[in-house]
Amino acid sequence: MIKYPEVLLGIPEVQTTRMKNQVTQLIKDTEKTVKKEFDNPALWWHLKPRLHESIKLYLQIGDQPPQILDRAVRHVLGHLGVILEEFKFNVSASGTTSSYKEFWFDRPLDVGEAATPSYPNLLKWTREMQQTIQEYNAKYVKATEVYAELYALRKEKKKNQATDLWESI
């Protein structure tokens, strides 16, 4: 609103009220929106352990959050862009491109899929968010080491079982 005051001042009061109601509802639905985005097992190694994953997957460098989670946060915030686009705030959250609009979306990798609303501007995580991901990263690093060790032990056990079977025949 502050970035484009002329847009807000140029729309009828009834539309401004409707827009404010939508923003208020968006705020009320924040927990549900965040849960929907962050319940994705692909975001969290502990929900979908993988053997050959980058050790830097959850590493925060300076103020830069891990890309995998930054993208999810931007998708949550991108819901505001849908409202801004509806009320003609020079924003495109639906994937439509044109001159003089901010692009508040991620293009999908698969052709034919809809664009995902995504917050495009500079974003600084709170201290609490940074501490939480640092703690998760520390546990992630330890867990991947244990997981790799467990994998190696299982592989060794199978080799021993195969050798025992071969020798028993």
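The values are calculated or read from the model by the stated rules, or taken from the named source; none is laboratory data. Remember, it's a predicted structure, so these values are computed and weren't measured experimentally. Methodologically, a virtual Cβ is constructed for each residue, glycine included, from the backbone with ideal geometry; neighbour enumeration extends over all protein chains shown.
Which of the residues belonging to segment 1-42 are among the aliphatic types (A, V, I, L, M), within 17 Å of the chain's Cα centre (by Cα) and at pLDDT below 95? Listed by number, the list holds a single entry, Ala42. Inside segment 1-43, can you point out the residues that are over 13 Å from Leu80 (Cα atoms) and hydroxyl-bearing (Ser, Thr, Tyr)? Within segment 1-43, Tyr4, Thr16, Thr17 qualify.
Among the residues of segment 125-140, just one is surrounded by fewer than 17 Cβ atoms within 10 Å (Cβ to Cβ) and not in a helix (DSSP H, G or I), namely Thr126. In this structure, Gln161 does not satisfy being free of Cβ contacts under 8 Å to residues at least 40 places away in the same chain, surrounded by 12 or more Cβ atoms within 10 Å (Cβ to Cβ) and not in a loop (DSSP other than H, G, I, E, B). Cβ-Cβ contacts under 6 Å between residues 6 or more apart (or on different chains), taken from a first residue in segment 130-157 that is among the aromatic types (Phe, Trp, Tyr) to a second residue that is outside any helix (DSSP H, G or I), are listed as Tyr136/Tyr58; Tyr140/Tyr58; Tyr147/Pro49; Tyr151/Leu51. Of the residues making up segment 62-102, those that are in a strand (DSSP E or B) and either buried (at least 18 other Cβ atoms within 10 Å of the Cβ) or more than 17 Å from the chain's Cα centre (by Cα) (or both) number 3. Determine whether Leu122 is part of a loop (DSSP other than H, G, I, E, B) and either under 15 Å from the mean Cα position of the chain (by Cα) or of a type outside the set (Gly, Ala, Ser) (or both). Here the answer is yes, as Leu122 does meet what is asked. When segment 103-119 is filtered for residues that are over 15 Å from the mean Cα position of the chain (by Cα) and of a type outside the set (Phe, Trp, Tyr), the ones remaining, listed by number, are Leu109, Asp110, Val111, Gly112, Glu113, Ala114.
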